[in-house]
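Report on one structure; see the data block that follows.
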Amino acid sequence: MSTTLIRGAKLLGGEPTDVLIDGETVAAVGAGLTAPEGSTVVEAEGLVALPGLVDLHTHLREPGREDSETVLTGTRAAAVGGYTAVHAMANTFPVADTAGVVEQVWRLGRESGYCDVQPVGAVTVGLEGNKLAELGAMAESAAAVRVFSDDGKCVDDAVIMRRALEYVKAFDGVVAQHAQEPRLTEGAQMNEGAVSGELGLRGWPAVAEESIIARDVLLAAHVGSRVHICHLSTAGSVEIVRWAKSKGWNVTAEVTPHHLLLTDELVRTYNPVYKVNPPLRTEADVMALREALADGTIDCVATDHAPHPHEDKDCEWGAAAMGMVGLETALSVVQHTMVDTGLLDWAGVADRMSLRPAAIGRLAGHGRPVAAGEPANLTLVDPAYRGVVNPAGFASRSRNTPYEGLELPGRVTATFLRGKATVMDGKLT
Ligand SMILES: [Zn+2]
């Protein structure tokens with residue numbers, strides 16, 4: 001069993017302390033720890049130690065679209081970003097709607113060794129919205145699925161949604177909704193508002209998201225189940241989630257890094273790198289999302305990492321695929337928008353990017369405090385670092401980042417997955 005002594009890291013941004021890792025477990029946390037002979041010593045002065053990050057919303061693309069990402073390249077990107085666990089969305093080819101497919105994805109994650117992969121099961125067969133998938137079989141499989149989502153598509157049929165919410169109660173599961181009323185967003189290309197009017201692009205109204213969220217929090221309350229709302233993007237969505245939580249209903253929500261920073265003004269460039277679902281909204285929406293993440297109305301940051309090959313993004317706006325990569329830049333964007341603005345401290349970042357997403361996904365062994373006896377999943381970040389985003393250096397197979405050329409703060413210098421360094425000195429091991 002190997003031992004590692006991390007010396008002088010600011011745990012959750014607090015006073016410098018040492019962390020001793022023995023095998024897969026944190027053995028001790030405190031000042032002046034001594035390293036047993038043969039230990040690896042990591043000098044961490046100035047670095048912030050966080051529990052390993054957990055993503056509730058990642059598209060790994062395997063099986064079926066290995067030209068954009070694989071479980072291996074996606075988990076390497078995750079490790080670079082400070083993640084020790086990611087939830088892999090079900091919209092693969094074939095769709096992850098059976099025990100067989102979710103077990104395959106889960107096993108590929110274990111084999112990668114860079115980051116745990118927790119598959120998300122589809123709610124409906126083939127993501128077609130008509131018939132419930134084998135939710136129970138996926139829950140009982142080796143992958144022990146607890147999060148179910150048709151992400152990419154909305155479960156728009158209210159009866160199907162009600163049945164799914166009722167069904168997942170049996171195994172403490174959760175339905176993660178991609179809230180997009182399909183009829184209101186037919187052919188939509190960007191946020192509906194002043195900019196879409198000027199550009200003459202078909203708009204995507206906020207009400208298309210908000211009406212589904214309103215329905216689903218009411219449904220979840222009605223059947224006594226829990227619902228999670230993916231990628232909140234509007235101020236109105238925040239208001240509905242806040243109201244549902246004030247009622248004591250079991251509702252959780254996530255926001256992506258890009259919705260915390262970017263606005264629909266960027267669509268004026270017609271650069272499809274800014275085309276994403278849900279679309280970039282207005283400055284007022286961005287500010288409402290930041291405040292809601294700070295006050296806990298929004299539970300967590302989820303990347304919605306959506307890799308696309310060059311040919312699917314490097315084309316005219318109308319034909320381009322929707323989505324952005326995000327695993328390798330998420331923590332920097334959160335530092336920039338939330339920490340450096342004073343809205344959230346590092347303990348808050350640990351809560352929103354590790355503890356809460358792990359709790360929502362019922363993911364054992366992740367999202368735990370950095371304390372003696374806990375699994376040694378942790379991330380060291382250098383908050384003083386400043387660097388320009390260069391997608392050529394990404395571990396992801398895809399390059400569709402909206403931050404190319406932008407200077408962002410912070411850098412993950414090390415990631416430990418059950419005591420094993422997956423990243424050291426900012427590089428994959
Ligand atoms: Zn989605």
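A quick yes/no check of all residues on (1) surrounded by fewer than 18 Cβ atoms within 10 Å (Cβ to Cβ); (2) at pLDDT below 95; (3) over 21 Å from Thr70 (Cα atoms):
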{"residue": "Glu374", "(1), (2), (3)": "yes, no, yes"}
{"residue": "Ala384", "(1), (2), (3)": "yes, no, yes"}
{"residue": "Val388", "(1), (2), (3)": "yes, no, yes"}
{"residue": "Arg399", "(1), (2), (3)": "no, no, no"}
{"residue": "Leu408", "(1), (2), (3)": "no, no, yes"}
{"residue": "Arg411", "(1), (2), (3)": "no, no, yes"}
{"residue": "Gly419", "(1), (2), (3)": "no, no, yes"}
{"residue": "Asp425", "(1), (2), (3)": "yes, no, yes"}
{"residue": "Leu428", "(1), (2), (3)": "yes, no, no"}
inquiry  = Filter the range 148-160 down to the residues that are part of a loop (DSSP other than H, G, I, E, B), in contact with a strand residue (DSSP E or B) (Cβ under 8 Å, 6 or more places away or on another chain) and more than 16 Å from the ligand (Cβ to nearest atom) and list them by number.
reply    = none
message = free of Cβ contacts under 8 Å to residues at least 60 places away in the same chain and of a type in the set (D, E, K, R): is that true of Arg386 in this structure?
response = yes
query = Out of the residues in the range 286-305 that are part of a helix (DSSP H, G or I) and among the aliphatic types (A, V, I, L, M), which is nearest to the ligand (Cβ to nearest atom)?
reply = Leu289
key: Odd one out for Asp172, checked against (1) under 24 Å from the mean Cα position of the chain (by Cα); (2) surrounded by 14 or more Cβ atoms within 10 Å (Cβ to Cβ)   = (2)
request  = Please verify whether the range 307-316 includes one or more residues that are under 21 Å from Asn390 (Cα atoms) and within 16 Å of the ligand (Cβ to nearest atom).
outcome  = yes
key: Condition check for Pro205: away from the ligand (no atom under 16 Å from the Cβ) and over 22 Å from the mean Cα position of the chain (by Cα)   = yes
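Here's the yes/no breakdown for (1) modelled with pLDDT of 95 or more; (2) within 17 Å of the chain's Cα centre (by Cα); (3) assigned to a helix (DSSP H, G or I); (4) not β-branched (Val, Ile, Thr):
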| residue | (1), (2), (3), (4) |
| --- | --- |
| Pro307 | yes, yes, no, yes |
| Leu344 | yes, no, no, yes |
| Gly348 | yes, yes, yes, yes |
| Asp351 | yes, yes, yes, yes |
| Ser354 | yes, yes, yes, yes |
| Leu363 | yes, yes, no, yes |
| Gly367 | yes, yes, no, yes |
| Leu380 | yes, no, no, yes |
key: Which listed residue is polar (S, T, N, Q), closer than 24 Å to Arg356 by Cβ and within 16 Å of the ligand (Cβ to nearest atom), from Ser233, Ser225   = Ser233
query = Would the range 24-38 turn up any residue that is in contact (Cβ under 8 Å) with a residue 60 or more places away in the chain and surrounded by 23 or more Cβ atoms within 10 Å (Cβ to Cβ)?
reply = yes
key: Tally of residues being more than 29 Å from Asp18 (Cβ to Cβ) and either buried (at least 22 other Cβ atoms within 10 Å of the Cβ) or among the β-branched types (Val, Ile, Thr) (or both) across the range 63-90   = 11
task = Please specify each residue of the range 56-80 satisfying the condition of being out of contact with any Gly (no Cβ under 8 Å at 6 or more places or on another chain) and either within 16 Å of the ligand (Cβ to nearest atom) or not aliphatic (A, V, I, L, M) (or both).
result = His57, Pro63, Gly64, Arg65, Glu66, Asp67, Ser68, Glu69, Thr70, Thr73, Gly74, Arg76
ask   = Checking Ala392 against (1) over 30 Å from Asn250 (Cα atoms); (2) of a type outside the set (D, E, K, R); (3) not in a helix (DSSP H, G or I), which test does it fail?
value = (3)
note = Of the residues in the range 384-429, those that are closer than 26 Å to Glu374 by Cα and among the acidic types (Asp, Glu) number 1
ask   = Restricting attention to the range 93-112, does a residue exist that is crowded, with 24+ Cβ neighbours inside 10 Å and touching a residue at least 60 places away in the same chain (Cβ under 8 Å)?
value = no
inquiry  = Go through (1) within 30 Å of Glu140 (Cα to Cα); (2) buried (at least 21 other Cβ atoms within 10 Å of the Cβ); (3) touching a Gly at 6+ places or on another chain (Cβ under 6 Å) for Ala44 and report which single condition fails.
reply    = (1)
inquiry  = Can you find a residue that is within 16 Å of the ligand (Cβ to nearest atom) and crowded, with 24+ Cβ neighbours inside 10 Å anywhere in the range 137-147?
reply    = yes
request  = Test Arg183 against the stated conditions and say whether it is away from the ligand (no atom under 16 Å from the Cβ), without any contact (Cβ under 8 Å) to a residue 12 or more places away in the chain and basic (Lys, Arg).
outcome  = yes
inquiry  = Taking the criterion of being of a type in the set (D, E, K, R) and part of a loop (DSSP other than H, G, I, E, B), would at least one residue in the range 69-88 satisfy it?
reply    = yes
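The values are calculated or read from the model by the stated rules, or taken from the named source; none is laboratory data. Keep in mind that this is a model prediction, so the values were computed, not measured. A quick note on method: Cβ atoms are made from the backbone with ideal geometry, for glycine too, and the neighbour counts reach across all protein chains shown.
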